[in-house]
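Notes follow once the structure below has been shown.
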Amino acid sequence: MAELVGIYAASHTPVMLNFPDAIPGEDRDAIFAAFKEMGRRIAESRPDTVIVISDDHVHNFFFNNFPAFCIGAAESYQTPVEHWLKAEKQVLPGNAALGAHLLGEALQNGFDPSFSIELVLDHGSLTPLLLAGLVPHVQIVPLLVNCVQPPLPTMRRCVDWGKFLRKAITSFDASKRIAILATGGISHDIATPRMGMVNEEFDRQFLVNLGSGHTDTIVEHATNHVAAAGNGAEEIRNWLIGHGAADGAQFESLYYKAVSKWYTGIGLAQWKVKG
Ligand SMILES: O=C(O)c1ccc(O)c(O)c1
């Protein structure tokens, strides 16, 4: 049976790659070091596959069809889809068997995700993998969550999706070591007059709540206050999936800084699962 060997969460923003010098060198170095440290910890747990939980920024999904949850079940993924992202075009290896397993288990367990074998991944998935130094050493399974086009899945549903994921991972009938990397948030607002706003109070409370481990507190705060943290903060759904998958494992915040010039509250964290 497969083993869940690590759960991590990290913000992402294309600005990290495109304009790294927009912030003081000291801050940039600390943030990149935090990503490296996260990558070191992930590598230390020796995963062969990383399930990357991100959102699609309207590159694969449009108004003709926008799934709440989508499972990638491809042998490989081209990335990045954005021609303007300062990242080398590459093909990441996929774990198609694990993607298919998750899909089958979801349909047997009260979830109805879509699936795709034609995703072209954007900065959301690629940036944290690159900065953590995990490309191209691990296979991936991308799980995309609608965090951008309302109506969005509820925060509670995302916790439940995470709980389901944990069970489905550990029932994968193969001797695999699997880690989860949830990515997005924390506060930010894109393409509105508030762009550049970072709601540090929201971010710090969100991290404290995750540390408390109380699902009701986490969900209530996320649901009731996310609007004050910006449209991009809706990506905290991906962290809630990590919380659900952690099944009570202790949460540790690895790094946080409000980085207005990168338009984002940058957070990195780990749930201390026993791997
Ligand atoms: O376009 C941007 O600036 C931007 C910032 C933060 C994000 O999480 C993101 O997906 C995009």
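Annotations
- Residue within the stretch 225-237 that is part of a helix (DSSP H, G or I), within 16 Å of the ligand (Cβ to nearest atom), β-branched (Val, Ile, Thr) and at pLDDT 95 or above present: yes
- Looking only at the stretch 7-29, and only at residues there that are more than 24 Å from Ile180 (Cβ to Cβ) and in contact (Cβ under 8 Å) with a residue 60 or more places away in the chain, the one that is nearest to the ligand (Cβ to nearest atom): Val15
- Single unsatisfied condition, Leu134 versus (1) more than 14 Å from the chain's Cα centre (by Cα); (2) under 25 Å from Arg41 (Cα atoms); (3) outside any loop (DSSP other than H, G, I, E, B); (4) not basic (Lys, Arg): (3)
For (1) of a type in the set (Asp, Glu); (2) touching a Leu at 6+ places or on another chain (Cβ under 8 Å), each residue gets a yes or a no:
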residue: His188; (1), (2): no, no
residue: Glu220; (1), (2): yes, no
residue: Ala233; (1), (2): no, no
residue: Gly267; (1), (2): no, yes
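- In this entry, Ala168 is excluded by the filter for residues that are in contact with a helix residue (DSSP H, G or I) (Cβ under 8 Å, 6 or more places away or on another chain) and within 13 Å of the ligand (Cβ to nearest atom).
- Of all residues in the stretch 103-126, those that are farther than 20 Å from Thr170 by Cβ and either within 16 Å of the ligand (Cβ to nearest atom) or in contact (Cβ under 8 Å) with a residue 12 or more places away in the chain (or both) total 13.
- All of Asp189, Asp203, Asp160, Asp216 fail the test of being in a loop (DSSP other than H, G, I, E, B) and among the acidic types (Asp, Glu), apart from Asp189.
- The residues of the stretch 238-256 that are in a strand (DSSP E or B) and buried (at least 19 other Cβ atoms within 10 Å of the Cβ), listed by number, are Phe251, Tyr256.
- Residue among Asp27, Asp56, Asp48, Asp21 that alone is within 16 Å of the chain's Cα centre (by Cα) and of a type in the set (D, E, K, R): Asp56
- From the list Leu181, Leu144, Leu210, Leu129, the one residue that fits, being within 13 Å of the ligand (Cβ to nearest atom) and touching a strand residue (DSSP E or B) at 6+ places or on another chain (Cβ under 8 Å), is Leu144.
The values are calculated or read from the model by the stated rules, or taken from the named source; none is laboratory data. Fair warning: this is a prediction, and the values are worked out from it, not measured in the lab. Glycine also receives a Cβ, built like all others from the backbone with ideal geometry; neighbour counts cover every protein chain displayed.
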